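None of the figures in this text is laboratory data; all of them are computed from the coordinates on show. This one's a predicted model, so the numbers in the text were calculated from it and none came from an experiment. Here the Cβ is made from the backbone with ideal geometry for all residues, glycine too, and neighbour counts use every protein chain on show.
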Amino acid sequence: MHMIRARVSPVLKWAGGKQGIASRLVEYFPSDFDRYFEPFVGGGSVLFTLQPLQAVIGDANEWLIDAYKAIREDHVRVAEILDSLENTKEEYIRIRSIRPAELPLFRRAAHLIYLNKTCFRGLFRVNRQGRFNVPYGQYDRRYYDPDNLRAVAEVLRNVNIRPGDFELCLHDITNRDFVYLDPPYYKLGGYSDFSRYTKDQFRANDHFRLAAFCRELDLRGVRWAVSNSNTSFIRGLFEGYYVTAIRNRREINLNSRNRDISELLITNYAPEKRTEQEELFKIEKSR
Ligand SMILES: C[S@@+](CC[C@H](N)C(=O)[O-])C[C@H]1O[C@@H](n2cnc3c(N)ncnc32)[C@H](O)[C@@H]1O
């Protein structure tokens, strides 16, 4: 169950972020459930839109998970550290060279937000060694909005935050709960380095594992919704479930002639609500 409260925005810009479509996505969620699970939480745009009363979130990116823990514990302390960091190339290079594991929790969170707001195109990306490797962006903007940071901390107050793989995050889910899964998208062709959120990639094998896990949850009566790319590989993996094609303007699309692409929302229940923007949606049972 959830209540619609004040508007809360993500503190981090995240590759694959759902900010543009989050309010439409939640229309397809069931309205009656105990806990809301989001094991690929990323920037949290869906969580912050839904603002559930009880939630469990997870992500394999520990730096990100630690940032949420720090904000929940003391967002003012995180803000104070952010206020002390200068937006210059020298400072950026200095901050970027510090390993997050060497830092205390609150400073670790502040460094992630700082790098996210000052790096080129504002996107988190790491190399094979797990090091943040994006160049300086030279943007003149605030690192955070104090009111929004407080609101984010408020949403996180009742949230159980779990680092690691999605299967671990979901170990105690029951058939009274609901889970929204937004993994790194399966991509046809190249560009996979664009979505390197962790030092390990989310590969085809992981998509098989996720689909098998969803089938198992389905057998246990747990309701779920999964986002992924509109590709025959994904449609094949989730054969037999409900599919909604959703039009989304992707930020990271190297082909500028084709920025409006459709992606899938797959559910193991017939969605209750249809959006007002009917023309953007097509619900079909695959197969
Ligand atoms: C598409 S993003 C989620 C975007 C998010 N919905 C938003 O609006 O910002 C996918 C997330 O999955 C995380 N991830 C990658 N592999 C994972 C795994 N095996 N288990 C859990 N999370 C994983 C990445 O770190 C990334 O934050």
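Just how far, in whole angstrom, is the range 109-135 from the range 41-68 if you go by their alpha carbon centroids?
Going from one Cα centre to the other spans 18 Å.
Using Cα atoms only, what is the angle between the long axis of helix 62-83 and the major principal axis of the chain, expressed in degrees (0 to 90) to the nearest 10?
40
Any idea what angle helix 105-118 forms with the longest principal axis of the chain, computed on alpha-carbon atoms, 0 to 90 degrees, nearest 10?
80
In degrees from 0 to 90, rounded to the nearest 10, what is the angle of the helix 146-156 Cα long axis to the longest principal axis of the chain?
Helix 146-156 sits roughly 50 degrees off the main axis of the chain.
Nearest 5 percent is fine: what portion of the DSSP beta bridges confined to the chain is antiparallel?
Details: 20 of 34 bridges.
Percent antiparallel among DSSP bridges in the chain is about 60.
Translational diffusion coefficient, Stokes-Einstein: compute it for the chain using the Kirkwood radius over C-alpha pairs as Rh, at 4 °C and 1.567 mPa s, and state it as an integer in µm² s⁻¹.
Details: Rh = 19.6 Å.
After rounding, the answer is 66 µm²/s.
Given the C-alpha atoms of the range 66-151, compute the convex hull and give its volume per residue in Å³.
92
Using a 10 Å cut-off on Cβ atoms, rank the peptides 116-126, 201-211 from the highest mean neighbour count down.
Details: 116-126: 18.9, 201-211: 15.5.
Taking the mean over residues of other Cβ atoms within 10 Å, the ranking is 116-126, 201-211.
For Y242, which sequence-distant residues (separation of 5 or more, or a different chain) have an amide H within less than 5 Å of its own amide H, given hydrogens modelled in the peptide plane?
Under 5 Å from the amide H of Y242 lie the amide H atoms of T267, Y269, each far enough along the sequence or on another chain.
Would you calculate the volume per residue, in Å³, of the smallest convex hull containing every Cα atom of the range 33-188?
130
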